Amino acid sequence: AIARGAPPDPDSILWDKAQKATEEDRWKDAQKHLEKLIEKHPDSPRAADARERLKGNVLLKIHPYCVNGPADNRVDLYMSGDGLTGSAEDQELLKRIVETSFEEALRLAPFDAYGSYFNWYRVHASSAIHGVNTTDEDQTCFGGRHGRKGAGNKGDAFVDTGLCREFAKRHFPDYDLFPVWVDGWNGWGRADGICAVGTTHFRYLPRMIS
């Protein structure tokens, strides 16, 4: 007789379905499976993981948008967003923003001529709250906030570059540039923006290709 292992737990089945939907960019299905897991199995360890994925400061996935070669001889560009929860609506918004940004970049110098020297990645991250504000900067994945002393006006949106570098080094240490779009909605207005961190050798790129 063939020995059979114990069947997987129902919460693990829902978790695996959510993971598969995430990998396939089926964000509504992923959200549905995670919410069902929390509802049906609220005390399971997977339910805690599901809550964090929906409203926690965590990496959800890295999607290769356009990979043109090995990391050691390409400029590796990863882009994400801050102030976006793990909801389907927010993650679909992030996908649109990142891919539109890439498409626009490839029509401009130096990317129009040197786009094949870059590897392009879409990074899906979840924040504990939607939007950023002037306080509680640790509530978003990248410390997004409105305004700061000595830089810009009250409506400007910023991220914590230290948190961005730490996140990048932990999840994709081969990165050269990591721009983060900030959802600047805070209840009274919005000031979206893109902030970026990069490695030392990336700063010499314009000089190298000019």
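The values are calculated or read from the model by the stated rules, or taken from the named source; none is laboratory data. The model shown is predicted, which means the values in this text are computed figures rather than measured ones. When we count neighbours, we look across all protein chains shown, and the Cβ atoms used for this are built from the backbone with ideal geometry, even at glycine. Remember, those area values only see protein heavy atoms, side chains included, never the ligands or the DNA or RNA. Shrake-Rupley method; radii C 1.70, N 1.55, O 1.52, S 1.80 Å.
Label-to-label distance for residue 23 and residue 89 is 2.9 nm, based on points extended 7 Å past Cα in the beta-carbon direction.
State whether segment 1-82 is rounded, prolate or oblate according to the following rule on the C-alpha gyration tensor (a ≥ b ≥ c being the square roots of its eigenvalues): a/c under 1.5 gives rounded; otherwise a/b larger than b/c gives prolate, and the remaining case gives oblate. Provide the component values of the computation, followed by the final result.
Details: a/c = 2.88, a/b = 1.62, b/c = 1.78.
Since a/c reaches 1.5 but b/c is at least a/b, the shape of segment 1-82 is classed as oblate.
If the chain linking residue 12 and residue 67 were pulled fully straight, counting 0.36 nm for each residue of separation and taking away their Cα-Cα distance, it would gain 16.6 nm.
Kindly provide the trypsin sites (Lys or Arg not before Pro) of segment 1-96 that DSSP labels as loop, not H, G, I, E or B, and whose Cβ sees at most 13 other Cβ atoms within 10 Å. Write down the numbers at each step before the final one.
On the way: sites: 4, 17, 20, 26, 28, 32, 36, 40, 46, 51, 53, 55, 61, 74, 95, 96; in loops: 4, 26, 74.
Hits after loop and neighbour filter: 4.
Working note: Karplus 6.51/-1.76/1.60 with θ = phi - 60° gives segment 109-117 the couplings 6, x, 5, 4, 8, 10, x, 6, 8 Hz, where Gly and Pro are set to x. A crude spin-label estimate for the pair residue 99 and residue 48, with each label 7 Å from Cα along the Cβ direction, gives 3.6 nm.
Of 99, 24, the residue with the largest accessible area leads and the full order is 24, 99 (1.4 Å probe). With the simple spin-label model, which puts each label point 7 Å out from Cα in the Cβ direction, the residue 59 to residue 116 separation comes to 3.0 nm.
Solvent-accessible surface of segment 1-129, averaged per residue with a 1.4 angstrom probe and all protein chains in place: 53 square angstrom.
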